[in-house]
1. Select from segment 138-184 the residues that are more than 28 Å from residue 114 (Cα to Cα) and polar (S, T, N, Q) and write down the one among them that is most open to solvent (accessible area, probe 1.4 Å).
2. Before we move on, is residue 89 open to solvent by 40 Å² or more (accessible area, probe 1.4 Å) and at pLDDT 95 or above?
3. Does residue 44 qualify as being of a type in the set (A, V, I, L, M) and farther than 17 Å from residue 143 by Cα?
4. With respect to residue 194, determine if the residue is modelled with pLDDT of 90 or more and surrounded by 18 or more Cβ atoms within 10 Å (Cβ to Cβ).
5. Considering 135, 187, 202, which residue is open to solvent by 40 Å² or more (accessible area, probe 1.4 Å), touching a Phe, Trp or Tyr at 6+ places or on another chain (Cβ under 7 Å), in contact (Cβ under 8 Å) with a residue 24 or more places away in the chain and not hydroxyl-bearing (Ser, Thr, Tyr)?
6. Over 20 Å from the mean Cα position of the chain (by Cα) and open to solvent by 60 Å² or more (accessible area, probe 1.4 Å) - does that describe any residue in segment 118-127?
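The values are calculated or read from the model by the stated rules, or taken from the named source; none is laboratory data. As the structure is a prediction and not an experimental result, all values here were calculated from the model. Backbone-built Cβ (ideal geometry, glycine too); neighbour counts: all protein chains shown. Only protein heavy atoms, including side chains, enter the accessible area calculation; ligands, DNA and RNA are left aside. Shrake-Rupley method; radii C 1.70, N 1.55, O 1.52, S 1.80 Å.
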Amino acid sequence: MPAQIPLPLQPRPKLGRTDFIVGPGNSAAVTYIDSWPAWQGPAVAIYGPPGSGKSHLAGVWAERAQAVTLEAAALREADLAGHAPLAIENVDIAPLPREAEAALFAFLERGQNMLLTGRERPTEWPALLPDLKSRFRALLAFPIWSPDDELLAGLARKLFADRQLTVPDPVIAHMIRSLERAPSAIRDFVARADAAALAAKRPVTLGLIKELLAGPR
């Protein structure tokens, strides 16, 4: 199949459940999220590096559970007024304000239905409140990334598809072999390839990928 000429369109990420790429490194997390509302407890955590799909999977659950999505650092006691399930993002991206820690601890104490996300496993999440730290350690948690070739290639195909591009598998395979094995590296390189293809008015081919990997001459 010939590669497509890129069009100057803003990428529109597809964030439904069927668009989430399942592999050995995230299947346990996906299976547990899919089991809602038959969870073992009220709260669960998923963790992994930037770009690994935490927000995508949290959004899938939030839609299914009719949950409210909040940034951890923005939590306030006023949020306790509602009883809807909560998807709380980026619990460990920075030390939380005291008010946010107090609100999060209150959510956990009352058995609020929650999905929490972070980069590291919850046992490593920082907290000034000792009781909150203990709650983090007790959370059921699932990793959401193990970068095997199949999953990396699937991620690259999805990111290109979000940009209305169909890129041949051999081109993607070469890209995967040459880049850092991290979702953020794949995401950034796909954006570069898209921009370069648009600027040169050419498709994303093996030649273009090799030029970008070689860097400036």
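1. 164
2. no
3. So residue 44 does not fit the description; no.
4. Yes: the conditions hold for residue 194.
5. Only one candidate qualifies: 135.
6. Within segment 118-127, none of the residues are over 20 Å from the mean Cα position of the chain (by Cα) and open to solvent by 60 Å² or more (accessible area, probe 1.4 Å).
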